[in-house]
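The structure under discussion appears below in the form of structure tokens.
The values are calculated or read from the model by the stated rules, or taken from the named source; none is laboratory data. Note that this is a predicted model, so its numbers are computed, not measured. Cβ sites come from the backbone with ideal geometry, for glycine too, and all protein chains shown count toward neighbours.
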Amino acid sequence: MSKFNLIPVVILLSLVLACGPSQPERAGQKIGIAEDLLHKGDTLNALLHLDSIPRIYPEALLESKRAAKIGNEIRILKMNNLHESLSKAKVLIDSVTKDFTSEKGEFEKYANYIHKSRGIDKDWARSYIQVIVNEQGDLSLLSNYYGDSWINHTSVRIEGDGLTVKTDSVASDNVNNHHSEFNGAKWEKVTYHGILADKVVEVISANPDKKLKVFFKGKNSYVIWLEESDKKAIKSTYELSKALKVKVEAEKAISDLEKKMKPE
């Protein structure tokens, strides 16, 4: 094709492009997509569309302002809901923490809440399990063995009517597996974290009326019945954990939304 024959083609393409939607028109279409997503309850993708408009269509100034206004309204609504959840969590935390003491080790980042029904004067000469929670809502499950001989346990299993749950295994040489001895008595304390430990705590908390056996598993096994006071302390700690996590997550989400508010 000669250059003379190309001229009409170039002209035609220029006319087609010139007649296409303008940036404001395309930005308006994108706002329409965002509004449809809002009606479907998909606020995340709606915000992605709205926030992209100033970047993709810099010439669509009025549409960018409109997108910012809609986006801010969505974020304000989200923040209002989060503030409501945060307020409820704080009320629960305030009402529950009166039953706990707060302790923070020298090298620990967060303070731990320990139920007041537990203490060295009450528990030094018995075998039991307990749960503590830190300020972030993270749980730690502890198995405490007391006896005349070592069992070198590395895990625990909980059994009751129709249920069985167990922790992961913590090796004897792990820093979370502690042994001590005094006047011939043997103490073993193992600390568990993570999904399996959380599941054990959840199951105990959900079954406060069931008789539950605790199996200390290691080179030797040892079995106890979980005492009522221990079940109540574990359930209370689990409820505190959930409230603390709601508080932490809500505060972070509110802060993130505030940072993303747009000038209108």
| field | Failed condition for residue 129, given (1) at pLDDT below 95; (2) within 23 Å of residue 197 (Cα to Cα); (3) aliphatic (A, V, I, L, M) | value | (1)
| request: Would you confirm whether any residue within segment 149-163 is hydrophobic (A, V, I, L, M, F, W, C), on the phi < 0 side of the Ramachandran plot, free of Cβ contacts under 8 Å to residues at least 12 places away in the same chain and surrounded by fewer than 15 Cβ atoms within 10 Å (Cβ to Cβ)? | output: no
| request: Identify, from the list 229, 255, the residue that is among the polar types (S, T, N, Q), over 25 Å from the mean Cα position of the chain (by Cα) and surrounded by fewer than 16 Cβ atoms within 10 Å (Cβ to Cβ). | output: 229
| task | Select from segment 149-171 the residues that are among the small types (Gly, Ala, Ser) and in a loop (DSSP other than H, G, I, E, B) and write down the one among them that is farthest from residue 92 (Cα to Cα). | result | 149
| said: If I ask for residues that are in a helix (DSSP H, G or I) and in contact with a helix residue (DSSP H, G or I) (Cβ under 8 Å, 6 or more places away or on another chain), which ones from segment 186-221 would you list? | reply: 201, 202, 204, 205
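How about segment 55-77: which of its residues are surrounded by 16 or more Cβ atoms within 10 Å (Cβ to Cβ) and part of a helix (DSSP H, G or I)?
Selection gives 63, 64, 66, 67, 68, 70, 71, 72, 74, 75.
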| message | Being closer than 23 Å to residue 124 by Cα and among the basic types (Lys, Arg) narrows it down to one residue among 186, 260, 199; which is it? | response | 186
| task | Select the strands (runs of 3 or more DSSP E) contained entirely in segment 78-148, then report the ones holding at least 3 residues which are farther than 18 Å from residue 242 by Cα and not hydrophobic (A, V, I, L, M, F, W, C). | result | 139-147
| task | Please give the number of the condition residue 133 fails out of (1) surrounded by 18 or more Cβ atoms within 10 Å (Cβ to Cβ); (2) closer than 12 Å to residue 236 by Cβ; (3) more than 20 Å from the chain's Cα centre (by Cα). | result | (3)
| closer than 26 Å to residue 98 by Cβ, modelled with pLDDT under 95 and out of contact with any strand residue (DSSP E or B) (no Cβ under 8 Å at 6 or more places or on another chain): does that describe residue 263? | no
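Using the structure shown, decide if residue 231 is free of Cβ contacts under 8 Å to residues at least 60 places away in the same chain, under 18 Å from residue 161 (Cα atoms), in contact with a Phe, Trp or Tyr (Cβ under 9 Å, 6 or more places away or on another chain) and not in a strand (DSSP E or B).
Judged against the criteria, residue 231 is not a match.
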